[in-house]
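First up is the structure itself, then whatever we jot down about it.
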Amino acid sequence: MRLKILSDKAKAAIEAEFPKYPDKRSVLLAALRTAQDEVGYLSEAAMVDVAEILDLTPVQVYDVASFYTLFNLKPVGKHVIQVCKTLSCALVGAGGIIEHLQGRLGIRVGETTPDGLFSLKLVECLASCGTGPMVQINNRYYEQLTPEKIDRILDDLKREGKSSLASGPFQLPVLGGRS
Ligand code: FES
């Protein structure tokens, strides 16, 4: 028998969403978030568990998981830095922020630092276009960034696991404690 990776708590959290939707398959995005919060990324086993809970095929789950940049299909660092690269942010310096992050972290986009603390990704608009350049780190926004502000944020995250420079509005509740 296949070993399940999602806990009973995660399964219950997914099933608690059922009454909110017309059918089980509509819970897929919420279920993937729950699975990712618990496992840290969407492993093959986690996606198979989600498929079983929602009566979907693993391929149907993978198709959705691989479409959205908020889902990680391979292990990531403790802090996942998603840099908005869309036009409004690009016009006010997203490119410089990306260069600075790569230099400071010693990794390229798509990579994770050897200590497992930071992963760096590029994403499309995060709906904070008036306050660019901006990034989302786990579930929090950091806006109107400068290289100096980035340095302070990274130092805070390394030292304390959080930074007072975080701003709203994106703060979803998390199951597994990533904040
Ligand atoms: S263009 Fe960056 S948040 Fe919209």
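What follows is calculated from the coordinates using simple rules that are stated; it is not laboratory data. These numbers were taken from a predicted model, which means no experiment stands behind them. When we count neighbours, we look across all protein chains shown, and the Cβ atoms used for this are built from the backbone with ideal geometry, even at glycine.
Taking the Cβ of Val64 as the centre, find all other residues whose Cβ is under 14 Å away and add up their charges (Lys, Arg: +1; Asp, Glu: -1).
Numbers: positive: Lys24, Arg25, Arg33; negative: Asp63.
Around Val64, the charge tally is +2.
Cysteines of the chain lacking any other cysteine Cβ under 4.7 Å from their own Cβ: Cys125, Cys129. The trypsin sites (Lys or Arg not before Pro) of the range 81-115 that meet both conditions, a loop assignment by DSSP and at most 14 other Cβ atoms within 10 Å of the site Cβ, are Arg108.
Translational diffusion of the range 52-128, estimated by Stokes-Einstein from the Kirkwood radius over alpha carbon pairs at 37 °C in a medium of 0.692 mPa s, is 234 µm² per second.
Compute log10 of I(q)/I(0) for the chain with the Debye formula, placing one identical point scatterer on every Cα and leaving out solvent, at q = 0.15, 0.18 Å⁻¹, to two decimals. So the normalised log intensities work out to -0.88, -1.14.
Estimated purely from DSSP H runs of n ≥ 4, each contributing -39500 (n - 2.57), the mean residue ellipticity at 222 nm for the chain is -11500 deg cm²/dmol once divided by its residues.
When the pairs Lys11/Lys162; Lys20/Lys74; Lys11/Lys74; Lys4/Lys158; Lys20/Lys162; Lys9/Lys74 are compared against a 25 Å limit on Cα-Cα distance, Lys11/Lys162; Lys20/Lys74; Lys4/Lys158; Lys20/Lys162 fall above it.
Inter-part distance, the range 125-168 to the range 55-88, computed on C-alpha centroids, equals 20 Å.
Classify the range 8-65 as rounded, prolate or oblate from the Cα gyration tensor: take a ≥ b ≥ c as the square roots of its eigenvalues, call it rounded if a/c is under 1.5, otherwise prolate when a/b beats b/c and oblate if not. The shape class here is oblate. Derived scalar couplings between HN and Hα for the range 78-87 equal 4, 10, 9, 9, 10, 9, 6, 10, 7, 3 Hz in order, rounded to whole Hz, by the Karplus curve 6.51 cos²θ - 1.76 cosθ + 1.60 (θ = phi - 60°), x for Gly and Pro. Taking amide H as placed 1.01 Å from N in the peptide plane, the amide H of Tyr141 sits under 5 Å from that of Ser167, Phe170, each at least 5 places away or on another chain.
Please give me the summed charge of the neighbours of Ile98: other residues whose Cβ is under 13 Å from its Cβ, Lys and Arg +1, Asp and Glu -1.
Local charge sum for Ile98: +2.
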